[in-house]
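Taking it in order: structure first as structure tokens, then the write-up.
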Amino acid sequence: MQGLSLRAFTRLLCSAALLLLIAGCAITPAPLEESSRPITGYLDYSWDKNSVLFNTRETHRQSVFMDTFYPFDPSLRYNNAEAMVRYELDHRPFMQDGVLMVALADLRKLYAPYLSYSVDAANQRFTVQHHFFKKRVAAGSGSRAPRLEYTKIAWQGSYALGSTAATSSAATHSTVSDRNTIDKTSVASTSAPAAATLAAAPVQRNGRIYVPVASFMRTLGKTITDDSAASGYLAVSHVGTQDSADDLFNPQYANRGLPNTPITPARVKTMNGLLDGSIDRGNLWFAYYFGDINVYTGRNDGEGQPVNAMMGVDRVLPWRIYIPKNYNARSPGKFTFMLHGGTGNENAPFERPNDHLKNQPTPIPGVTFFEDYADRYNYIVLSPNGWTRGPVWGSGPGEQAMLHTLNLVKARWNIDEQRMFIFGNSAGGAGTMNFVLRHGHLFKAMAPTAPGGSKPYAADLKGGILDMPTLLTCFAADITVFYADQQKNSCQPWYEQNIKNTMRDLTLVTLENGHHSYGPASMYQATFDLFERVLDKTPPKVVDGVRLAAGRNTAAVSAGGSTSTVSLAAAPQRQGNTLMVALDDLARIYGEKDFRVYDIYAYNLKPEDLVAVKSVLYNKVSVNIKPGENFLRIGGSIHAGDTTGLRSKVAPDDPRIDRRTLSVPAQVINGRVHVPVVEFMQLFGKTVTVE
């Protein structure tokens with residue numbers, strides 16, 4: 001081709017193309033795509049969106065954002081952070097005569113499983129079905145079990161390639177309060193097919209149908225906010241900003257985090273920052289699509305091998321990640337899973353505990369919210385979405401969601417695979433243990449709280465979980481996972497019968513006055529301290545015996561046949577015949593990394609009911625005390641007033657009650673909490689000699 005001019009080369013190409021056409025060798029266009037899977041019915045997902053925000057600018061056009069609401073009570077708003085979930089479309093949208101064109105296949109995934117389409121390739125036509133389920137709070141707004149009303153609206157539209165003409169109709173079904181009957185409801189009213197004009201004609205590109213997203217979704221009942229000229233974003237919403245009768249935009253809740261319009265300056269700033277990379281720390285939200293996936297069924301065959309099956313999830317699933325302020329992409333970072341409970345989603349482990357933390361004292365100066373703990377300890381925290389109500393994280397889509405999001409995190413951030421941990425609450429607490437049973441090699445320690453109904457039992461506990469460092473917490477005031485009901489599913493009996501003599505490196509803490517959803521907030525410091533201690537390779541301090549004397553500010557500590565002297569910050573004092581020693585001095589004696597003293601605060605429903613205790617964790621034993629009182633709780637012991645049901649508690653004459661108390665109340669002396677040292681250390685299996 002040397003010496004051939006550009007003009008001559010162009011003529012040569014044109015001639016070759018003409019010869020191909022004459023010879024019947026023209027390139028055949030890709031066949032029109034086939035119909036999608038049908039809509040199968042209603043499923044109670046743990047996450048839903050109100051609006052999809054499309055980027056109309058040239059850069060990052062394949063990225064869309066979704067705002068979200070809490071589906072099990074739409075009146076609730078995220079109080080501490082607004083979730084803007086980023087999702088990547090499979091096919092790049094394009095502008096046609098100033099109109100944003102989006103692939104129909106991408107819209108089907110965005111609204112899965114409630115959007116389906118049928119393609120008539122011969123006539124270049126297609127029809128679309130779209131179901132929407134309005135959710136209104138009929139009673140119990142803000143409670144753990146509000147009564148919702150569900151109304152199914154079934155839309156159908158008819159369209160043709162190359163034509164802007166369209167028709168659509170809707171069938172509104174009877175409103176019900178039982179979500180299990182939604183698919184059986186009769187049609188209450190219908191609208192006759194109405195003619196509509198699209199902003200641009202649907203077209204085919206590489207076999208894919210592209211539609212003018214704004215006018216197309218309007219024919220399927222959506223509300224459009226087009227601010228693309230000013231902000232670069234176009235929003236497609238379930239309900240309109242003036243529809244104040246709908247819980248999604250009820251003005252009563254406008255001051256609780258979700259604006260009454262999908263496009264605000266704050267949102268635009270956030271979305272732009274996420275797209276250009278200027279926002280890369282703090283809370284971030286992403287999403288992915290699961291179609292047909294291979295899942296573990298939770299059953300094993302006769303040889304003990306896991307039984308898997310294909311399952312159609314057909315849903316966009318979000319996930320939330322917190323990147324700490326001091327994350328360094330050049331240095332592998334510490335990582336932990338944080339798993340939500342049965343009626344939560346990826347935001348619940350942040351939002352509910354943070355609501356609790358801001359109403360109580362902080363045990364660490366400057367550390368108020370969960371994100372502060374993640375910053376202080378410098379952990380990347382991943383909170384996946386469990387797919388639907390009552391996630392089972394150890395099998396099914398929940399397990400696959402964890403594995404998939406973990407791979408996504410590893411691909412984007414620098415994770416140290418030798419410093420990975422896991423914790424969760426309720427179904428997330430049970431899921432923590434179940435996931436570790438299957439994937440224990442990934443983690444160094446775990447910290448389940450108030451494990452829910454799917455928790456493992458003694459016969460299930462095998463392999464690495466038996467020796468995994470574990471901090472387990474039960475909540476004494478829990479009315480969801482009852483503390484001391486005699487059924488095996490309650491936290492304390494389950495621990496006594498299945499865990500206590502099975503798992504070898506576990507400490508059980510009882511959270512006084514602990515609320516089921518708020519309780520995890522009280523345990524964050526102890527949880528991260530456990531993780532840090534596991535990473536610290538310093539062996540525990542060995543202490544065989546201790547000798548103390550009143551008025552002497554040293555302790556004689558014997559270990560391995562030798563004796564050393566430990567200086568004390570406060571000389572022990574006598575109260576009658578009892579020697580009182582400061583807790584922080586006991587930490588000096590037994591090792592500050594292993595003898596841990598925590599200020600634990602918890603309230604059940606009202607902040608004014610706050611209960612404060614000192615929790616001491618040492619030698620796989622936890623002890624709760626209250627300065628100024630004889631109060632004492634050892635590990636998972638039972639006290640009068642612990643919950644046994646929704647409205648029942650342990651009676652004062654219950655024979656299971658542990659009636660041990662301190663012989664002398666714990667006392668604050670010169671700003672330090674002192675305890676009767678001999679009897680106190682006996683609780684941890686240690687001997688103290690008083691001279």
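Packing-based ranking of 208-221, 542-555 yields 208-221, 542-555, ordered from highest to lowest mean Cβ neighbour count within 10 Å. Couplings 3J(HN,Hα) for the range 675-691, derived from phi with the Karplus relation 6.51 cos²θ - 1.76 cosθ + 1.60 (θ = phi - 60°), are 10, x, 5, 5, 5, 5, 6, 4, 4, 9, x, 10, 9, 10, 9, 9, 8 Hz, where x marks Gly and Pro. Taking the range 536-691 as the region of interest, the number of lysine pairs whose Cα atoms are within less than 25 Å, with members eight or more places apart or on different chains, is 20.
Of the solvent-accessible surface of the chain, computed with a 1.4 Å probe over protein heavy atoms with every protein chain present, carbon and sulfur atoms account for 50 percent.
In plain terms, the chain from residue 261 to residue 552 could stretch by 97.9 nm, reckoned as 0.36 nm per residue minus the Cα-Cα distance.
How much FRET efficiency would the formula 1/(1 + (r/R0)^6) give for residue 246 and residue 414, where r is the Cβ-Cβ distance and R0 is 35 Å, rounded to 0.05? After rounding to 0.05, the efficiency reads 0.20. Taking amide H atoms as placed 1.01 Å from N in the peptide plane, the amide H of residue 91 has no partner under 5 Å among residues 5 or more positions away or on other chains.
How many angstrom separate the Cα center of the range 551-566 from the Cα center of the range 65-90? So the separation of the two Cα centres works out to 58 Å. For the range 228-243 and the range 402-454, write down the distance between their C-alpha centroids in whole Å. For the range 228-243 versus the range 402-454, the Cα centre distance is 37 Å.
Under the combined filter of DSSP loop state and at most 16 neighbouring Cβ atoms within 10 Å, the range 25-91 retains these GluC sites (Glu not before Pro): 34, 58.
Listed values for the range 647-656 are Karplus-derived 3J(HN,Hα) couplings in whole Hz (6.51 cos²θ - 1.76 cosθ + 1.60, θ = phi - 60°), namely 10, 10, 9, 4, 6, x, 9, 4, x, 7, and x replaces Gly and Pro.
Counting helices only, and only those DSSP H runs with n ≥ 4, report the 222 nm mean residue ellipticity of the chain as the sum of -39,500 (n - 2.57) divided by its residues, in deg cm²/dmol to the nearest 500.
Computed mean residue ellipticity for the chain: -5000 deg cm²/dmol.
Scanning residues 5 or more positions from residue 392 or on other chains, those with amide H under 5 Å from its amide H are 398, with H placed 1.01 Å from N in the peptide plane.
For residue 168, the solvent-accessible surface with a 1.4 Å probe is about 20 Å², rounded to the nearest 10. 3J(HN,Hα) along the range 224-239, derived from phi through the Karplus expression 6.51 cos²θ - 1.76 cosθ + 1.60 where θ = phi - 60°, amounts to 10, 10, 10, 10, 5, 5, 8, 10, x, 10, 10, 10, 10, 10, 5, 10 Hz, with x in place of Gly and Pro. Once the Cα-Cα distance is subtracted from the 0.36 nm per residue extended length, the residue 459 to residue 631 segment shows a gain of 58.4 nm. Its residue count N fixes a reference of 2.2 N^0.38 Å for the range 548-671, and the Cα radius of gyration divided by that reference is 1.27.
Close Lys pairs in the range 323-472, defined as Cα atoms under 27 Å apart and 8 or more places apart or on different chains, number 12. A straight Cα-to-Cα reach below 18 Å connects residue 184 with the lysines 134, 135, 152, residues fewer than 8 places away in its own chain not being considered.
The values are calculated or read from the model by the stated rules, or taken from the named source; none is laboratory data. Bear in mind the structure is a predicted one, so any value in this text is a computation, not a measurement. Positions of Cβ are backbone-derived with ideal geometry, glycine not excepted, and every protein chain shown enters the neighbour counts. Areas reflect the complete protein model, heavy atoms only, side chains present, ligands, DNA and RNA absent. Shrake-Rupley method; radii C 1.70, N 1.55, O 1.52, S 1.80 Å.
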